[in-house]
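Here the structure comes first, spelled out in structure tokens, and everything after it is commentary.
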Amino acid sequence: MIANMAASSNPAVVDQIPTTAASGRESIPFDPSKPPVIEGFSPLRVVKDETFKEKLLRKTKDNPFVPIGCLGTAGALMYGLRAFHQGKTRQSQLLMRGRIFAQGFTVAALIVGVVAAALKPKQ
């Protein structure tokens, strides 16, 4: 009787053999050490990692007006703050308006770049 209890307390070992599901395809147990297999999907491998400088140069070549707008915005802001600090309120106001214009130019350049990238044919 004790031998029967010992045999019944051990859980049954389930075979790891693929079984056929109701859909007719084989069901393979999930292996957490590997990514899941998805039909019709093949991930692209990254060939190499870009450095910050390489990525900046590539993005600048793709859309050169964004960095120009950013530099214009920063320049107008710095000169405007300097003029404000010196008490030149009229010049400061003009430079702050120039900053707003430069920000608008940068946003427009971003939008044009996104639209151009979306319309660009895939390689």
- Can you pull out the residues in region 96-114 that are over 14 Å from F65 (Cα atoms) and of a type in the set (A, V, I, L, M, F, W, C)? M96, I100
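Quick test for you: out of T106, T60, pick the one residue that is surrounded by 13 or more Cβ atoms within 10 Å (Cβ to Cβ), at pLDDT 95 or above and under 21 Å from the mean Cα position of the chain (by Cα). Before you say what the answer is, go through the steps one by one.
Details: T60 fails: at pLDDT 95 or above.
Going through T106, T60 in turn, just one is surrounded by 13 or more Cβ atoms within 10 Å (Cβ to Cβ), at pLDDT 95 or above and under 21 Å from the mean Cα position of the chain (by Cα): T106.
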- Query: Among helices (runs of 4 or more DSSP H) lying entirely in region 44-123, which contain 3 or more residues that are in contact (Cβ under 8 Å) with a residue 24 or more places away in the chain and in contact with a Leu (Cβ under 8 Å, 6 or more places away or on another chain)?
  - Reply: none
- Item | Test for A21: is it in contact with a strand residue (DSSP E or B) (Cβ under 6 Å, 6 or more places away or on another chain) and either modelled with pLDDT of 95 or more or not aromatic (F, W, Y) (or both) | yes
- Answer residue from region 67-92, given it is over 30 Å from L56 (Cα atoms) and open to solvent by 100 Å² or more (accessible area, probe 1.4 Å) and is farthest from the chain's Cα centre (by Cα) among those: R90
- Item | Residues that are of a type in the set (A, V, I, L, M, F, W, C), at pLDDT below 80 and within 30 Å of P67 (Cα to Cα), drawn from region 35-55 | L44, V46, V47
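The values are calculated or read from the model by the stated rules, or taken from the named source; none is laboratory data. Keep in mind the model is a prediction, meaning the values are calculated, not measured. With ideal geometry, Cβ positions are generated from the backbone for all residues, glycine too; neighbour counts draw on all protein chains shown. Surface areas here come from the heavy atoms of the whole protein model, side chains and all, with no ligands, DNA or RNA. Shrake-Rupley method; radii C 1.70, N 1.55, O 1.52, S 1.80 Å.
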